[in-house]
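The values are calculated or read from the model by the stated rules, or taken from the named source; none is laboratory data. Values in this document were obtained by computation on a predicted structure and should not be read as measured data. Cβ: placed from backbone, ideal geometry, glycine included. Neighbour counts: every protein chain shown. Side chains are part of the model used for accessible areas, which takes the heavy atoms of the whole protein and leaves out ligands, DNA and RNA. Shrake-Rupley method; radii C 1.70, N 1.55, O 1.52, S 1.80 Å.
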Amino acid sequence: MHTYDVIVIGAGIGGLTTAALLAHAGYSVLVLEGHIEPGGCASSYERKRPNGERYVFDVGATVFAGFNPGGAHHWVGEQLGITWPVRPLEPAMEVWLPDRRVVRWGDERWLDERRTAFPQQAWRAEQFWREQETLADIAWRFAARQPPVPPETPQELLRLGLSVRPEMARLLRPMLSTVGQALERHGITDQRLKTYLDGQLLISAQTTHSTCAWLYGAVALNLARIGCYYAEGGAWSLAKTLEAALLRDGGAVQYRQWVEQICTRNGAVTGVRTKRGDVFTARHVVANTTLWDVAELLDTDPGWRLEQAVEDFPRGWGACMLYLGVDAAALPNSLAEHHQIIRSYAQPLGESNSVFVSIHPGDDQRRAPAGQRAITVSTHSEVSRWWRWRKADPARYREEKARMAEAMLDTVALAMPTLRQHIRYMQAGTPTSFWRYTHRHRGMVGGLPQLRRSSGLLSLGPRAAGVRGLWMVGDSTFPGQSTAAVSQSAVRVFQAIRRS
Ligand SMILES: Cc1cc2nc3c(=O)[nH]c(=O)nc-3n(C[C@H](O)[C@H](O)[C@H](O)COP(=O)(O)OP(=O)(O)OC[C@H]3O[C@@H](n4cnc5c(N)ncnc54)[C@H](O)[C@@H]3O)c2cc1C
């Protein structure tokens, strides 16, 4: 039987980035993906209708960062000699609060915009924004030096030490506090500003100001400043670009191959077994799955770190989705491509009170029939009741899914009042749909809430499973969610395997 140097479970952006880098460095690499397309949560799907109309919908991720110098996608692109199919977005998005619209510019227009949008405590808010940007800039420079966070070996501890700079002394206090505590220190009580921040943190850190780790939050709030991008042809073109590099460099990908066991002997990985009954052996296995899935796939008990995280780490959110084909006439030309819309200040975010809407740019003709736009709408949703309904009461599940779709459309209407009358195609999804396509634990997506106890130095590193030769990559590990973050985690695994 052929033994690979590396088997990668999952062709998400984290798995594919690791695989492409290793193949480029001369390793024999096999990627096993359960679904029929690469990209995982950052993929797209094609819908062909009986009338011949064709859409390409982004399944989850729609706004991408990390393509500027210092960003992980940028570094990976240079290593692999590839050109990413992306174009910059400006503004990054528009945020619709119940009584005002905030344009999230990436450039200096943001300075005026934030003063005008939140006049109530403008001076205090300005001090907050300045601290946020300073922290983010220091953290960004640190990340560009590719430090091994969290360090897992004495050598990594040394390398981490060597990447520390005096300016990082300013990160010490923020590392111990939450965004909420930073707001308190600045004396900010403005509910509008807090709601704006909560909306932005929910989509980038999976939690809101009272619990979000301040350092992570400062970086997450900086996304527009470091540059946001659209993926030409849809999100899946990022994964397809990585896949092409992998194949070019001699790697292989097998689709419809769900791995059901990670095999070990004497504390070291030996390979994997798939649902079809195929067994593949390898010196290294890279799991591009959630931490809960790694623990379930292992044929042995995980090490203490993973065992502890399985018990203690905060559970993630699920997402309810709408995929819409809409007459372009319903959307003014001046409308930005991405919108976060919040219906009420009084209600918690998620569960249709906050939605994220991504409209494909009209000039990308691969995405929708002429005169139409392909739109992805998402809202955060707690996963367990969807599973309860799905299993115990399918009729209720269908009812709730339809109700959620209506509620999401009501929220979208606050920014796009005529959209509902112009829908030509609509498909809805729930966390159980995400589970069906990605097998992520209970359909939880978007990574882990970035609390102080689960972020930064306390997040999971690639060796967290505690099995020799088994590496974890993706949004359960440092630094967390987003394609840029999972690329950073892939770079870490690539470097660790090369040094091992
Ligand atoms: C609704 C939504 C919106 C988002 N918006 C953004 C955004 O705008 N920008 C952004 O950067 N990020 C966004 N994200 C987050 C981002 O998509 C993810 O953090 C990132 O794509 C995760 O990548 P990953 O490599 O960790 O794993 P995944 O994307 O989860 O990929 C894992 C892959 O492994 C496969 N797999 C799993 N188990 C097995 C198995 N046992 N055998 C074989 N294959 C397996 C899955 O099918 C999947 O293809 C969003 C996510 C969601 C859900």
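Specify which of the listed residues (239, 231, 224) is in contact with a Lys or Arg (Cβ under 8 Å, 6 or more places away or on another chain), aliphatic (A, V, I, L, M) and closer than 30 Å to residue 368 by Cα. Talk me through it step by step, then tell me what you get.
Numbers: 239 fails: in contact with a Lys or Arg (Cβ under 8 Å, 6 or more places away or on another chain); 231 fails: in contact with a Lys or Arg (Cβ under 8 Å, 6 or more places away or on another chain).
It is 224.
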Practice task
Please work out which one of (1) buried (at least 19 other Cβ atoms within 10 Å of the Cβ); (2) within 14 Å of residue 246 (Cα to Cα) is the condition residue 41 fails and give its number.
Solution key: (2)
Exercise for the section: Select from the stretch 386-415 the residues that are within 23 Å of the chain's Cα centre (by Cα) and either away from the ligand (no atom under 16 Å from the Cβ) or small (Gly, Ala, Ser) (or both) and list them in ascending order. Expected result: 387, 405
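Let me confirm something: among 109, 104, which residue is modelled with pLDDT of 95 or more and either touching a helix residue (DSSP H, G or I) at 6+ places or on another chain (Cβ under 8 Å) or closer than 19 Å to residue 218 by Cβ (or both)?
Values: 109 fails: either touching a helix residue (DSSP H, G or I) at 6+ places or on another chain (Cβ under 8 Å) or closer than 19 Å to residue 218 by Cβ (or both).
Unique residue meeting the criteria: 104.
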Fill in the blank from the handout: Scanning the stretch 1-33 residue by residue, those surrounded by fewer than 21 Cβ atoms within 10 Å (Cβ to Cβ) and either of a type in the set (S, T, N, Q) or within 20 Å of the chain's Cα centre (by Cα) (or both) turn out to be 3, 28
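When only residues in the stretch 240-272 that are outside any strand (DSSP E or B) and polar (S, T, N, Q) count, which is nearest to residue 32 (Cα to Cα)? It would help to see each step written out before you state the result.
Residues of the stretch 240-272 that are outside any strand (DSSP E or B), as a first pass: 240-251, 255-258, 266-267.
Narrowing the set further to residues that are polar (S, T, N, Q) leaves 241, 257, 266.
Working: 241: 17, 257: 6, 266: 24 Å.
The selected residue is 257.
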Exercise for the section: Provide a single number: the residues in the stretch 56-74 that are more than 8 Å from the ligand (Cβ to nearest atom), more than 16 Å from residue 487 (Cβ to Cβ) and crowded, with 24+ Cβ neighbours inside 10 Å. Expected result: 2
Exercise for the section: Please work out if residue 366 is assigned to a helix (DSSP H, G or I) and open to solvent by 50 Å² or more (accessible area, probe 1.4 Å). Expected result: no
Problem - Output for the stretch 233-253, where each listed residue is farther than 18 Å from residue 46 by Cα and basic (Lys, Arg) - result: 248
Exercise for the section: Tell me which of these residue 295 doesn't satisfy, since it passes every other one: (1) in a strand (DSSP E or B); (2) within 30 Å of residue 457 (Cβ to Cβ). Expected result: (1)
Practice task
Select from the stretch 379-425 the residues that are in contact (Cβ under 8 Å) with a residue 40 or more places away in the chain and over 24 Å from residue 347 (Cβ atoms) and write down the one among them that is surrounded by the fewest Cβ atoms within 10 Å (Cβ to Cβ).
Solution key: 421
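If only one of 70, 60 is at pLDDT below 95, within 21 Å of residue 488 (Cβ to Cβ), of a type outside the set (S, T, N, Q) and in contact with a helix residue (DSSP H, G or I) (Cβ under 6 Å, 6 or more places away or on another chain), which one is it? Walk me through how you get there before you give the answer.
On the way: 60 fails: at pLDDT below 95.
Matching residue, one of 70, 60: 70.
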Practice task
Please determine, by comparing only the residues of the stretch 314-338 that are modelled with pLDDT under 95 and within 16 Å of the ligand (Cβ to nearest atom), which one is most open to solvent (accessible area, probe 1.4 Å).
Solution key: 315
Practice task
Consider only pairs whose beta carbons are under 9 Å apart and that are at least six residues apart or on different chains; among these, list those whose first residue lies in the stretch 440-459 and is at negative phi and open to solvent by less than 20 Å² (accessible area, probe 1.4 Å) and whose second residue is assigned to a helix (DSSP H, G or I) and charged (D, E, K, R).
Solution key: 454/312
Handout entry: The listed residue being more than 21 Å from residue 457 (Cα to Cα), under 27 Å from the mean Cα position of the chain (by Cα) and open to solvent by 30 Å² or more (accessible area, probe 1.4 Å), out of 145, 124, 141, 130
Key = 130
Completion exercise
Inside the stretch 298-312, the number of residues satisfying the requirement of being in a helix (DSSP H, G or I) and surrounded by 14 or more Cβ atoms within 10 Å (Cβ to Cβ) is 5
Practice task
Restricting attention to the stretch 184-220, report how many residues are within 25 Å of residue 65 (Cβ to Cβ) and in a helix (DSSP H, G or I).
Solution key: 20
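Please work out if residue 52 is out of contact with any strand residue (DSSP E or B) (no Cβ under 6 Å at 6 or more places or on another chain), on the phi > 0 side of the Ramachandran plot and near the ligand (Cβ under 8 Å from one of its atoms).
Numbers: out of contact with any strand residue (DSSP E or B) (no Cβ under 6 Å at 6 or more places or on another chain): yes; on the phi > 0 side of the Ramachandran plot: yes; near the ligand (Cβ under 8 Å from one of its atoms): no.
The answer is no for residue 52.
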Practice task
Taking only the stretch 148-160 into account, find how many residues are open to solvent by 30 Å² or more (accessible area, probe 1.4 Å) and either touching a Ser or Thr at 6+ places or on another chain (Cβ under 7 Å) or not charged (D, E, K, R) (or both).
Solution key: 6
Exercise for the section: Answer yes if at least one residue in the stretch 339-356 is outside the structural domain of residue 466 (by TED's automatic domain parsing), more than 27 Å from residue 477 (Cα to Cα), among the acidic types (Asp, Glu) and open to solvent by 20 Å² or more (accessible area, probe 1.4 Å), and no otherwise. Expected result: no
Practice task
Could you check, for the stretch 463-479, whether at least one of its residues is of a type in the set (Ser, Thr, Tyr), within 10 Å of the ligand (Cβ to nearest atom), assigned by TED's automatic domain parsing to the domain that holds residue 291 and at negative phi?
Solution key: yes
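So, in the stretch 265-295, of the ones that are in contact with an Asp or Glu (Cβ under 7 Å, 6 or more places away or on another chain) and open to solvent by 40 Å² or more (accessible area, probe 1.4 Å), which residue ends up farthest from the ligand (Cβ to nearest atom)?
Here is the first cut: in the stretch 265-295, the ones in contact with an Asp or Glu (Cβ under 7 Å, 6 or more places away or on another chain) are 273-275, 282-284.
Going one step further and asking which of them are open to solvent by 40 Å² or more (accessible area, probe 1.4 Å), we end up with 273, 275, 283.
On the way: 273: 11, 275: 8, 283: 19 Å.
Among residues in the stretch 265-295 that are in contact with an Asp or Glu (Cβ under 7 Å, 6 or more places away or on another chain) and open to solvent by 40 Å² or more (accessible area, probe 1.4 Å), the one farthest from the ligand (Cβ to nearest atom) is 283.
Take residue 459 and tell me if it is more than 9 Å from the ligand (Cβ to nearest atom), closer than 21 Å to residue 218 by Cβ and at pLDDT 95 or above. Can you show your working first?
Values: more than 9 Å from the ligand (Cβ to nearest atom): yes; closer than 21 Å to residue 218 by Cβ: yes; at pLDDT 95 or above: yes.
Spelling it out, residue 459 is indeed more than 9 Å from the ligand (Cβ to nearest atom), closer than 21 Å to residue 218 by Cβ and at pLDDT 95 or above.
When you go through 10, 39, 14 one by one, which is the residue that is within 16 Å of the ligand (Cβ to nearest atom), small (Gly, Ala, Ser) and more than 25 Å from residue 350 (Cβ to Cβ)? Lay out the reasoning, then the answer.
Working: 39 fails: more than 25 Å from residue 350 (Cβ to Cβ); 14 fails: more than 25 Å from residue 350 (Cβ to Cβ).
None of the others qualify; the one that does is 10.
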